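To keep things clear, I will list the structure first and then write my remarks on it.
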Amino acid sequence: MSMASQPHCTASSLIRPGCTAMAVREARKLVADLIDGCVRSGCEEAKRRADDVLLVVSELVTNACRHAGGADEVRVRCERGELVIEVEDTSEFVPAEPVEEAKGETGGYGCQLVTALADRWGVAPRRSAGCGKTVYAEFELS
């Protein structure tokens, strides 16, 4: 299917989950709702990639809670054939894949998981005022 004949889905949403017991659930619901809207508009690729996208958002929010004091904002947008998840926090700690010596330990595989499932991911300066960062993951839907 050529890009010109792809279904058009443009949507975005935002929550501020913090680090409550429900933070991951709230973020997954936000993303699932956006994916459902994309699927209803005819984007079958969103349906095919839904499990990967939901697993990645779970990982990003869990890491924000575990290592950065919580997720200040979770943003998700779908436009021009791409779904983007952004998780903003106030920590300067930059996530990285575990060093070879740490492999086999409990935890520490989140970056590898995100690398395997997302088309691209990275860390950028925080969009809103203050210190911190935005960790993002991008999924192509075309």
- prompt: Cβ-Cβ below 6 Å, separation at least six or inter-chain, first residue in the range 122-142 and under 13 Å from V76 (Cα atoms), second open to solvent by 60 Å² or more (accessible area, probe 1.4 Å): which pairs?
  reply: T134/R127; A137/W121; E138/D119; E138/R120; F139/D119
task: Go through the range 113-142 and count every residue that is open to solvent by 70 Å² or more (accessible area, probe 1.4 Å) and of a type in the set (K, R).
output: 2
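The values are calculated or read from the model by the stated rules, or taken from the named source; none is laboratory data. The structure presented is a predicted model; accordingly, all values stated were derived computationally and were not measured. Every residue, glycine as well, gets a Cβ built from its backbone with ideal geometry; the counts of neighbours run over all protein chains shown. These accessible areas exclude ligands, DNA and RNA; they are computed on the full protein's heavy atoms, side chains included. Shrake-Rupley method; radii C 1.70, N 1.55, O 1.52, S 1.80 Å.
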